[in-house]
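The values are calculated or read from the model by the stated rules, or taken from the named source; none is laboratory data. Bear in mind that the values here come from a model prediction, so they are computed numbers and not experimental data. Here the Cβ positions follow ideal geometry from the backbone for every residue, glycine too, while neighbour counts run over all protein chains shown. Note: areas computed on protein heavy atoms with side chains; ligands, DNA, RNA excluded. Shrake-Rupley method; radii C 1.70, N 1.55, O 1.52, S 1.80 Å.
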Amino acid sequence: RIRQYLCALVSWARPARVRRIVFGENSNTRFDFSGIVRYLEAAGKDVDVHVFEGNRDVARFGKGYGEGEILEHLFRHSRIVRAAPAFYKVTGRLFVSNFDAVSSATASLDAFQRKVKQPKDRPLRPRKVVTTFFKCSLALFERTLVRAYTRVDDHQGLFLEHVYYNQLRDVDTSSFSIRPALVGQQASTGRVYGSYDYDIVQIAQ
């Protein structure tokens, strides 16, 4: 898990349009992130790391609950998040390899990918918003999403993606005109989007 975090963080040193990086970890790990902070700062990034004790209700409600808990913590405590009109959220183990192009083409403060097509074999399947990567204004997050994760219940089939869709159902937001290209492994499903380059892995190690 830590190695995947570091691969992602090393990768985020490279996009030119990334100026500030906020990292949140809610298992209160004792891992020392000072080395990666120095690496990112040497690349010209302003870095804000938050490691705190959360996860108490994750076993009961699911990983999406923990993901939302981290976002609320960063919204309330990160100096970088609080000073920005909007933020990009990406799951901690993932990197968007075409981020510069995606960011350049995304003028709106809010951009979410919605999955509204219903598979033929499961026509009543709940609709989703992609939560691995999105852009959100602080105003919309505070008004609509900051506490939405408390409705998550994985055991009842109600995931963070479903809750976000319901919360944003009547909100007019754009999507990404360029499809984000993800690299790394998603923690909740184990899905591998793409492998990190060898030099990234070497630096992370």
- State whether one or more residues within segment 189-201 are buried (at least 17 other Cβ atoms within 10 Å of the Cβ), in a helix (DSSP H, G or I) and at pLDDT 95 or above. yes
- Top-ranked residue of segment 140-171 - restricted to ones that are within 19 Å of Ser78 (Cα to Cα) and part of a loop (DSSP other than H, G, I, E, B), ranked as most open to solvent (accessible area, probe 1.4 Å): Arg147
- Any residue in segment 12-39 that's more than 21 Å from Tyr88 (Cα to Cα) and at pLDDT below 95: show its pairings with residues that are open to solvent by 20 Å² or more (accessible area, probe 1.4 Å) and assigned to a loop (DSSP other than H, G, I, E, B) at Cβ separation under 6 Å, as long as the two are six or more apart or on different chains. Ser27/Asn55
- Task: Might you check whether a residue that is surrounded by 14 or more Cβ atoms within 10 Å (Cβ to Cβ) and either at positive phi or among the charged types (D, E, K, R) (or both) occurs anywhere in segment 27-40?
- Result: no
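Picking from Val22, Val37, which residue would you name as being of a type in the set (Val, Ile, Thr) and within 27 Å of Arg179 (Cα to Cα)?
Val22
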- Item | Residues within segment 90-139 that are at pLDDT below 95, open to solvent by 40 Å² or more (accessible area, probe 1.4 Å) and under 20 Å from Leu74 (Cβ atoms), tallied | 1
- Query: For segment 66-83, what are the residues that are modelled with pLDDT under 95 and open to solvent by less than 30 Å² (accessible area, probe 1.4 Å)?
  - Reply: Gly66, Gly68
- Mind listing whichever residues of segment 150-205 are of a type in the set (Ser, Thr, Tyr) and closer than 28 Å to Asn98 by Cβ? Tyr164, Tyr165, Thr173, Ser174, Ser175, Ser177, Ser188, Thr189, Tyr193, Ser195, Tyr196, Tyr198
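Restricting attention to segment 179-188, which residues are part of a loop (DSSP other than H, G, I, E, B), surrounded by 13 or more Cβ atoms within 10 Å (Cβ to Cβ) and out of contact with any Lys or Arg (no Cβ under 9 Å at 6 or more places or on another chain)?
Pro180, Ala181
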- Query: Can you tell me how many residues in segment 134-169 are closer than 22 Å to Ala107 by Cβ and charged (D, E, K, R)?
  - Reply: 3
- Item | Identity of the residue in segment 5-26, among the charged types (D, E, K, R) and closer than 20 Å to Arg82 by Cβ, that ends up surrounded by the most Cβ atoms within 10 Å (Cβ to Cβ) | Glu25
- Task: Only residues in segment 121-138 that are of a type in the set (Gly, Ala, Ser) count as the first member; pair them with residues that are modelled with pLDDT of 95 or more, Cβ under 8 angstrom, at least 6 apart or cross-chain, and list the lot.
- Result: Ser137/Pro85; Ser137/Ala86; Ser137/Leu109; Ser137/Asp110
- Item | Any chance Asn55 is buried (at least 18 other Cβ atoms within 10 Å of the Cβ), within 19 Å of Gln186 (Cβ to Cβ) and at pLDDT below 95 | no
